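Asks: To start, I am sharing the structure in question, which I have written as structure tokens.
Bear in mind these aren't lab numbers, they're just calculated from the coordinates by the rules spelled out. In this text the structure is predicted, and so the values were computed from the model without any measurement.
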Amino acid sequence: MLIVHVHVTVKPESVEAFKQASRLNAENSVQESGIARFDVVQQLDDPCRFVLVEVYRDAAAPARHKETAHYAAWRDAVASMMAEPRTSVKFANVFPEDPGW
């Protein structure tokens, strides 16, 4: 498993459009065989901040995800909504070792 947290800060006027675009991307992403989970979470005390929690079944799945039409559509749609460049952090799960997803 490979877990990626993508940190995104969105311009205040773009929050709702970002949520809509990200929800559509997430709905399509969870249909990919290499993705176990794809959560979009919004920070409670700063609604312009989001984290995409992407859980991949193997190390090659992120590259396959970035080749999909829905990822390209999301990337292009949200580019102008970003208040700053997005960042990501990669994790390995410690527990459970095999969550059975």
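Asks: Helix 69-78: angle to the longest alpha-carbon principal axis of the chain, degrees 0 to 90, nearest 10?
Replies: 30
Asks: Does anyone have the angle between helix 15-29 and the longest principal axis of the chain? Alpha-carbon axes, 0 to 90°, nearest 10?
Replies: The two axes meet at around 20 degrees.
Asks: With only alpha-carbon atoms counted, please give the Rg and Dmax of the chain, in Å.
Replies: In Å, with Rg to one decimal and Dmax whole: 13.5, 41.
Asks: Evaluate the relative contact order of region 2-91 (contact order divided by residue number), counting alpha-carbon pairs under 8 angstrom at least 6 apart; express in whole percent. Before the final figure, lay out the partial values.
Replies: Numbers: 143 pairs, mean separation 42.6, N = 90.
This gives 47 percent for region 2-91.
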